[in-house]
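*Asks:* Take this structure, written in structure tokens, and hold onto it; I'll ask about it next.
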Amino acid sequence: MQRRFANPFQKKGLPNRYSFTLPSLSQAVITEIHLHPPSPSQHRQKRQVLLFFKFLARKEEKKKMRPILMKGHERPLTFLKYNRDGDLLFSCAKDHTPTVWFADNGERIGTYRGHNGAVWSCDVSRDSMRLITGSADQTVKLWNVQTGAQLYTFNFSSPARTIVSAGEDAVIRIWDSETGKLLREADKESGHKKTITSLTKSADGSHFLTGSLDKSAKLWDIRTLTLIKTYVTERPVNAVAMSPLLDHM
């Protein structure tokens, strides 16, 4: 069987002088066509056309992926994160030390030392200049990716294990959030005389403020549940708030 190439010149009404008949070739693909210039003795002969074929292999060679083993952490891994360009890989583990690696060959570039607990999560900025990590030591740290320098530490207080409640009976109570046991109850003599309408905690969690229909707001120590100060108003207090930046309430 033979294949005959379509002649593009026929659409323009040109003579059929440029069609070529090729033998049937299994999986043959034309990759190049060259016009061979005639020699002086061939000026009356038709130009020769050289056709180059590329034969496709029937069976492609299977490419096997070889895993890259990255060794460096001393305890189990907890989190992995690529940077935006995909050339760096950041790892977190229970050994307290976030690590950065070259993603293409697994070479360890460096570590970030400063946490005192397992590091559970991390993220890297879009320009790969800053790294942020969160740890079981109740801190979040911001790092310089290139130098490993610690830029800033965000501290968090211990997880809340108590609940403060107040209501229509005008009594403030503190409860254990896990067992539901009543831990402390405010002194009724120094407390509000009517319904407590609002309660809010300070930013550091050391104090809280209450408002009441008895036309007063009171500031309390959350640890000892002792009254610190009373603010008397001309009308019932329906809502209270404490500024996280200034000594305002």
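*Asks:* Work the Kirkwood hydrodynamic radius out for region 77-155: mean of 1/r over every pair of different alpha-carbon atoms, inverted, in Å. Before the final figure, lay out the partial values.
*Replies:* On the way: mean 1/r = 0.0821 Å⁻¹.
Mean inverse Cα-Cα distance, inverted, gives 12.2 Å.
*Asks:* About its Cα centre, how strong a charge dipole does region 162-232 have in debye, to the nearest 20, once Lys and Arg get +1 and Asp and Glu get -1 at the Cβ? Don't skip to the answer; put the middle values down first.
*Replies:* Values: 11 positive and 10 negative charges, 40 e Å.
Dipole about the Cα centre, nearest 20: 200 debye.
*Asks:* List the extent of the Cα atoms of region 129-232 along each of their three principal axes, largest first, rounded to whole Å.
*Replies:* Dimensions of region 129-232 along the principal axes of its Cα atoms: 61, 33, 19 Å.
*Asks:* Using the beta-carbon distance between D247 and K215 and R0 = 35 Å, what value does 1/(1 + (r/R0)^6) give for FRET efficiency, to the nearest 0.05?
*Replies:* On the way: r = 22 Å, r/R0 = 0.64.
Efficiency for this residue pair is about 0.95.
*Asks:* Which of the residue pairs K181/K229; K141/K229; K141/K218; K81/K201; K94/K201 have a Cα-Cα distance greater than 29 Å in the structure shown?
*Replies:* Result: K141/K229; K141/K218; K81/K201; K94/K201 exceed 29 Å.
Taken together, the values in this text are just the output of simple stated rules run on the coordinates, not laboratory data. Quick caveat, the model's predicted, so the values are computed rather than measured. For neighbour counting, all protein chains shown are included, and Cβ atoms are generated from backbone atoms with ideal geometry for every residue, glycine included.
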